[in-house]
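Colleague: One structure, as structure tokens, below. Some questions next.
Values in this text are rule-based calculations from the coordinates and carry no lab data. Because the structure is a prediction, the values reported are computed rather than measured. Backbone-built Cβ (ideal geometry, glycine too); neighbour counts: all protein chains shown.
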Amino acid sequence: MKNIFKEVVGGFYTLTVGMGITLREFFRKPVTVHYPRESLKMPERYRSHLIFTSNDDGSSKCIACNLCVKACPTDCIIVDGEKKEGEKKKSVTKYDLDFTRCSLCGACVEVCPTDAIVFSKRYNLAATDRQQFHIIDLCRDLEERNKKKAQ
Ligand code: SF4
Ligand code: SF4
């Protein structure tokens, strides 16, 4: 009889402790997100592939000076530009990044005189073939972002 009583008290105690933990966790802020409906905010230092920054009118700040191309240790940037009529500086017409070779070293970002490129915070890049990251077209990416903003 004494043993049964001990078991009942012990069982009730562990049940209370368990329910207490459940209740405490119930009111805590969740550490998980409902991916892909929700996205994580990546830390400031996180580096994904390069993207363009833009002027107020949505155009790229890149002046096709090629300094980033020269600074890149893995030759993974191709830049082209043209001088439009009436403009003093060149405008970028092509900016391709071979992300399969980029080491995310940051030399290109540091050397850029117009702060035209930054590391994006995109963390959910996925593909079945690495060739899909062979060329990341920064000009097209900026166009698409501008279109999304305009919608
Ligand atoms: S982060 Fe480094 S490796 Fe990547 S494109 Fe820039 S300079 Fe090249
Ligand atoms: S991103 Fe910057 S460094 Fe590279 S070509 Fe454009 S302006 Fe020059």
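Colleague: Using amide H atoms built 1.01 Å from N in the peptide plane, name the residues 5+ places from Ile136, or on other chains, whose amide H lies under 5 Å from its own.
Modeller: Distant-sequence amide H within range of Ile136: Leu97, Asp98, Phe99.
Colleague: Quick check for you: which residues of region 28-61 have the amide N under 13 Å from the point 7 Å beyond the Cα of Lys84 toward its beta carbon?
Modeller: Zone members listed by number: 55-61.
Colleague: Among the listed pairs Lys90/Lys147; Lys70/Lys149; Lys88/Lys149; Lys70/Lys147; Lys88/Lys148, give every one whose C-alpha distance is greater than 26 Å.
Modeller: Distance filter (> 26 Å) returns Lys70/Lys149; Lys88/Lys149; Lys70/Lys147; Lys88/Lys148.
Colleague: Treating cross-link reach as a plain straight distance, find the lysines whose alpha-carbon is under 18 Å from the alpha-carbon of Lys84, omitting any fewer than eight places away in the same chain.
Modeller: Lys61, Lys94
Colleague: Also: For Arg122, enumerate residues with amide H under 5 Å from its amide H, sequence gap 5+ or separate chain, H modeled in the peptide plane.
Modeller: Ser48, His49
Colleague: Spit out the partnerless Cys residues in the chain, using Cβ distances under 4.7 Å as the pairing rule.
Modeller: Cys with no partner Cβ under 4.7 Å: Cys62, Cys65, Cys72, Cys76, Cys102, Cys105, Cys112, Cys139.
Colleague: Same structure, new question: Rank by packing, highest mean first: peptides 88-97, 124-133, with packing defined as the count of other Cβ atoms within 10 Å averaged across residues.
Modeller: Averaged packing, sorted descending, gives the order 88-97, 124-133.
Colleague: Which stretch or stretches of region 71-86 have amide N atoms under 20 Å from the point lying 7 Å from Arg47's Cα along the Cα→Cβ direction?
Modeller: Taking a point 7 Å out along Cα→Cβ of Arg47, the residues of region 71-86 whose backbone N falls under 20 Å are 71-79.
Colleague: Can you give the relative contact order of the chain as a percent, counting alpha carbon pairs under 8 Å and 6+ residues apart?
Modeller: 25
Colleague: Quantify how much of the Cα-Cα distance distribution of the chain extends past 26 Å, in percent.
Modeller: Tail fraction, whole percent: 47.
Colleague: While we're on this one: Using 0.36 nm per residue of separation minus the Cα-Cα distance, give me the extension gain between Lys149 and Glu7 in nm, one decimal.
Modeller: Gain in length upon complete extension: 44.7 nm.
Colleague: Mind checking the angle between helix 2-26 and the chain's longest principal axis? C-alpha axes, 0 to 90 degrees, to the nearest 10.
Modeller: Taking the Cα atoms of the chain, the angle to 2-26 is about 20 degrees.
Colleague: At a 10 Å Cβ-Cβ cut-off, how would you order Cys105, Cys62, Cys72, fewest neighbours first?
Modeller: Fewest-to-most Cβ neighbours within 10 Å comes out as Cys105, Cys72, Cys62.
Colleague: Are there any chymotrypsin sites (Phe, Trp or Tyr not before Pro) in region 7-64 that are in a DSSP loop and have at most 14 other Cβ atoms within 10 Å? List them by number.
Modeller: Those satisfying the criteria are Phe27, Tyr46.
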